[in-house]
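The values are calculated or read from the model by the stated rules, or taken from the named source; none is laboratory data. Everything numeric in this text was worked out from a predicted model, so none of it was measured. With ideal geometry, Cβ positions are generated from the backbone for all residues, glycine too; neighbour counts draw on all protein chains shown. SASA here: full protein model, heavy atoms, side chains in, ligands and nucleic acids out. Shrake-Rupley method; radii C 1.70, N 1.55, O 1.52, S 1.80 Å.
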Amino acid sequence: MLIPCPHCGIRPVEEFTFLGDARPVRPASNDPATMDQWFDYVYLRDNPKGRFDEYVHHSGGCRAWLVVTRDTETHEVFGAVTARDWAGKRKGRRA
Amino acid sequence: MKYSVFSLLKNAASGHKNWTPAWREPDPKPEYDIVIVGGGGHGLSTAYYLAKEHGLTNVAVLEKGWLGSGNIGRNTTIIRSNYLLPGNNPFYEWSMKLWEGLEQDFNFNAMVSQRGVLNLCHTDPQRDAFARRGNAMRIDGVDAELLDREAVREMYPFFDYDNARFPIKGGLLQRRGGTVRHDAVAWGYARGADSRGVDIIQRCEVTGIRTAKGKVVGVDTNRGFIKCKKLGLAAAGNSSEVAAMAGMKLPIESHVLQAFVSEGLKPYIDGVVTFGAGHFYVSQSDKGGLVFGGDIDGYNSYARRGNLPMVEHVIEAGVAMIPSLARVRVLRSWGGIMDMSMDGSPIIDKTHIEGLYLNAGWCYGGFKATPASGWCFAHTIARNEPHSLNAAYRLDRFRRGYMLDEKGQGATPNLH
Amino acid sequence: MKAKPAAEPVFPRVSPLADVALQGRFGADRGAPGVEFRVRHPLSILTVIARKGQSAAVADALASLKGTTVQWAGPDQYFVLAEGRGEGALYREAKAMLDDKASVSEQSHGRVVIRVAGAKARNVLAKGTPVDLHPDAFPVGMSAMTQMAHVGVHLTRVAEDAYDLSVFRGFAESLWEWITEQAEEFGYQVK
Ligand SMILES: Cc1cc2nc3c(=O)[nH]c(=O)nc-3n(C[C@H](O)[C@H](O)[C@H](O)COP(=O)(O)OP(=O)(O)OC[C@H]3O[C@@H](n4cnc5c(N)ncnc54)[C@H](O)[C@@H]3O)c2cc1C
Ligand SMILES: [Zn+2]
C-alpha cells in the first residue's frame, strides 16, 4: 500500500500508523443522558467492506494526522487529506 | 462409517475405493429449527454439540465457501489455556479438556499434539508478568511452569540467549498446550454433526436476515429463503457484515493476520515457542515445515492478504530469536480476516432480537477455542441462556463496563 | 522574597558518534571512495514549530536569522542549523525573535547530523528510504522526513552530491552501523 501524504508525497505503508475509522463523531456533551452516543462512539464500528475513511498518522514521516480513503477489500488507496482539512470539511457539512 | 484400524484394513484390501464421503451434500430444506451461519470451526462445532449434547438435529450450517476456507483452515493451529483473567481461564481450560478427548469423541484423527507452548521473556518486568499469569492459571487449575534461562536452554539450545538487545531470561511453559491439525478439526466436527442429522450446506451465502416483531424468522441465501426458529451467527471475520443484516452494529473491526510456512526440515523445534520482544511465534508441522506468524498488520482489512512490512517484522524477530532461521526458505504466506473486538475477548451471547445468537470477536486466538466455543454457543442457543463458562462473554459488557481486556489496551482493536 | 535564578549551567555538546565514527578509509579499497561521511559536530540545532496562523511570519523571520540553514521538518515546522555558536546561543536568539509566533526547542544535544557525500551517496541512501532521490524530485535544498533501517531520519540534499542525515542521538550508533555497512561496496572515507 502506498499512501499519498499531502505533506511528503507518496510513501509506503510502513511509515504510517493506523488509528481506525474516521467517521464516528465525538459527542459534544458530557451529560450522562448522552451515554448511548458515547457508547456508540467508543465501542461500535460500521466496519465496512469496501470504501473506508480512516485516521492515519504519518509516524515515520512528517508526523501529521491524515484521513486516508481506502478500500478495505482490495487495499486500493483513493487519496489522503490532512485531518485538519477533513475536520474542516466535516464541520462545513454539518453546518 | 466408523473409522478404526479395522475399517482401515478393510478398505486397504479393496484398494481404498469404497470409502464413503465424510459428510453428505444435501440441498437446503425450506425450514430448520436452527440455522448456523458460517461453516468454520465454531459453526461446525456448534452444530455438533447441538446434536450431541442437546439432541437438536433439525439444524443446518450454511457456509458461503467450502468447509475450511475461512480462518479454521488458515490459522497456525496453536492451542493453549494460558490466560490471566478469571473470565477467560475456565473457558479456555474447558476447551483444552475437550481437545484432550476430542479424537475419541468424534472418531476422527485431528492430530491433537500437546507438545507444549513456551512464551519467552526478555526482561525482569516481563518475568514478573509471567509469574503473575502462571499463578492465575494455577489458581484456575491450569498447568503452568515458570522456567529460568537454563531450563529454556535445555529445551532449545539453539536460541540466541545473549542477543544484545533481546537476551532470553526465561519463559512461561504450558506443557498441555500444543497444536492440532486445523482443517481436520473442521472435517471431524462436520462429519460428527452430519452423521447425527445436521445438514451442512456449502456454497450457500446468507444475504439477508428476516425478522418479524422482534423475532428471527429466517435467512435469505443465494439458494433461496430458509425459514428458522433460531439463528446463530458464527461468521468470524465477516461478523459485522452478517450482523448488519439484522440491523446490528458490533464492537468489532476486521483486520488481517498473516502466517507463513517454510520448506520441510528435519525435526528442529519440538514445541510452540513465542518471542517476547517482537511479534513472532513458531512451531514445526509433522510434515517438517516451520509454521510461523506474528501480529495483525494493523489496518482494517477484508483482503485475506497482508503487506510486506509485517513480513519483514516477523522474519526479523524470528532471526533475532533463532539465528539459524536465517537460512530457512519460506514456501508460502497467506492471510485471514480477524474479528478484532474492542477488548480483545470474544462474544458468545443472545441478542436483543429473539432467536438471534451471536458468536464473534475471536481476534487471532479463536482456533484453540473451537471446542468450547461450539459447546457454549450450543448451550446458549438450546437453553436461550449463556452457560457459566461464557458468562463473561456477554455482548452488553461494553455498555456495562465489564470489559475483559487481557492486555489492558482499551477500545483499540488493532492493539489487542 | 524571590531568589535570583542561578546562572543556567552549561553542558558542552558530546557527539554520540565520538567513539564510533572512526576516521579512515573502509570497505572496498580500489579507486576513490564512493562515499564520504562526516559527523557535523558541534552543531547548533533547533526545532521551530509555528503557532496557528503564523506560518508565513515564522518563515520570514527565520530567513532573517544570519548564518543559519533552515530546513523544512514537517508542516509548519523547521530545523534551524548553525555552526560555530556557543552553547544555547542560537536558541536564545531564535527564542527572543519568535517568542509569540512559534515554539522553539533546543535540539543541539538531542540530534546528530551526518553529512553523506560523494558519487555514490545517493545509492547508499536509496537503499534505506522510499523517497525518490532523483534531482528532479529531490532537488538541492529539499528535505524529507522518512525512515532508514526502522530509524526516523531527516534528510536534506545540500548539494548535487551531498546530503545531511539528521537523527536522534539515541539512534545514531545503530544508524551509523547500518549506513556504513551499506557503503562498504563502494568504499567509504570517514572524515
Ligand atoms: C493466520 C492466522 C493464524 C491464526 N493462528 C491461530 C492460532 O495459532 N491459535 C488460535 O487459537 N487461533 C488462531 N487464529 C484465529 C482462528 O483461526 C480464528 O479465531 C477462528 O478460526 C475463527 O472461527 P471460525 O473457525 O469459525 O472462523 P472461519 O473458519 O473464518 O469461519 C467463518 C465462516 O463464515 C463464513 N461466512 C461468512 N459470511 C458468511 C455468509 N454471509 N454466509 C455464509 N457463510 C458466511 C466464512 O466463509 C467462513 O467459512 C489464527 C487466524 C489466522 C488468520
Ligand atoms: Zn507526511
So which GluC sites (Glu not before Pro) in region B:36-105 are both in a DSSP loop and have at most 13 other Cβ atoms within 10 Å of their Cβ?
none
Would you mind working out the accessible area per residue for region C:44-106, using a 1.4 Å probe, and quoting it in Å²?
48 Å²
Taking +1 at the Cβ of each Lys and Arg and -1 at the Cβ of each Asp and Glu, which of A:H57, B:F159, C:Q23 sits farthest along the dipole of the protein assembly as shown towards its positive end, judged by Cα position relative to the Cα centre?
A:H57
Across 10 Å bins from 0, what is the distribution of all Cα-Cα pair distances for region B:292-381, in whole percents?
14, 34, 28, 17, 7, 1
Based solely on its DSSP helices, what 222 nm [θ] is calculated for chain C when runs of n ≥ 4 H residues each add -39,500 (n - 2.57) and the sum is averaged over all residues, nearest 500 deg cm²/dmol?
-6000 deg cm²/dmol
Applying the span-like rule to chain B (DSSP H, Cα extent along axis at least 15 Å, Kyte-Doolittle mean at least -1.0) gives B:41-54, B:89-106, B:182-195, B:308-321, B:370-383
Probe 1.4 Å, protein heavy atoms only - accessible area per residue of chain A in square angstrom
53 Å²
Could you tell me the relative contact order of chain B? Use alpha-carbon pairs under 8 Å, at least six residues apart, and round to a whole percent.
21 percent
If you count, for every residue in A:10-19, the Cβ atoms of partner chains within 10 Å of its Cβ, what is the mean?
6
Separation in nanometres of the label points that stand 7 Å from Cα toward Cβ, at A:D40 and B:T20
5.4 nm
For labels at B:A131 and C:A137 in the simple 7 Å Cα→Cβ model, what's the distance in nm?
5.3 nm
Restricting the calculation to Cα positions, tell me the Rg (one decimal) and the Dmax (whole number) of region C:44-106 in Å.
10.4, 32
In percent, how large is the relative contact order of region C:44-106, given Cα pairs closer than 8 Å and 6 or more residues apart?
51 percent
Using a 1.4 Å probe on the protein heavy atoms, what percent of the accessible area of the protein assembly as shown belongs to carbon and sulfur?
52 percent
Cα extents of region A:14-95 along the principal axes, largest first, in whole Å, come to 41, 26, 24
Nearby lysines by direct alpha-carbon distance to B:K227 (threshold 22 angstrom, same-chain neighbours under 8 apart not counted)
B:K29, B:K64, B:K213, B:K215, B:K350
Largest-first ranking of A:H75, C:H41 by accessible area, probe 1.4 Å, whole protein assembly kept, is C:H41, A:H75
Alpha-carbon gyration tensor eigenvalues x 5, square-rooted, for chain B, Å:
35, 26, 20
Put a dot 7 Å past each Cα toward the Cβ at C:E173 and B:K249; how far apart are the dots in nm?
5.1 nm
Do you know the Lys pair count in region C:60-191 for C-alpha distances under 25 Å, with sequence separation 8 or more or different chains?
4
Measure out, as a whole number of angstrom, how far apart the alpha-carbon centroids of region B:371-416 and region B:271-327 sit.
28 Å
Once you have the alpha carbon radius of gyration of region B:180-253, what is it after dividing by 2.2 N^0.38 Å, with N set to its residue count?
1.27
Counting only C-alpha contacts under 8 Å and six or more residues apart, can you give the relative contact order of region A:34-95 as a whole percent?
23 percent
Once B:R165, B:R394, B:R383 are ranked on solvent-accessible area with the largest value leading and a 1.4 Å probe, the list reads B:R165, B:R383, B:R394
Enumerate the lysines that B:K97 could reach by cross-link, defined here as Cα to Cα under 24 Å, with residues fewer than 8 away along the same chain left out.
B:K2, B:K52, B:K368
So what are the radius of gyration and Dmax for the Cα set of chain C, in Å?
18.0, 71
Does any residue of region B:241-278 lose at least 10 Å² of accessible area with all protein chains in place compared with its chain alone, and if so which ones (probe 1.4 Å)?
B:E241, B:K249, B:L250, B:P251, B:I252, B:E253
Working only with C-alpha atoms, what are the Rg and Dmax values of the protein assembly as shown, expressed in angstrom?
29.8, 106
Nearest 10 degrees is fine. How inclined is helix C:169-183 to the longest principal axis of chain C, computing both from alpha carbons?
20 degrees
Net charge dipole size for region C:44-106 [Lys, Arg +1 and Asp, Glu -1 on Cβ; Debye, nearest 20]:
100 debye
Mean other chain Cβ within 10 Å across B:286-299 is 2
What is the set of long-range amide H partners of B:R223 at a cut-off below 5 Å, with H atoms built 1.01 Å from backbone N?
B:E205
Straight-line reach check, B:K287, cutoff 17 Å on alpha carbons, 8 or more apart in-chain or any other chain, hits among aspartates and glutamates -> B:D183, B:E263, B:D270
Show me the chymotrypsin sites (Phe, Trp or Tyr not before Pro) within region B:359-416 that DSSP assigns to loop and that have at most 14 other Cβ atoms within 10 Å of their Cβ.
B:Y402
Per-residue accessible area for B:R191 at 1.4 Å probe radius, Å² rounded to 10?
30 Å²
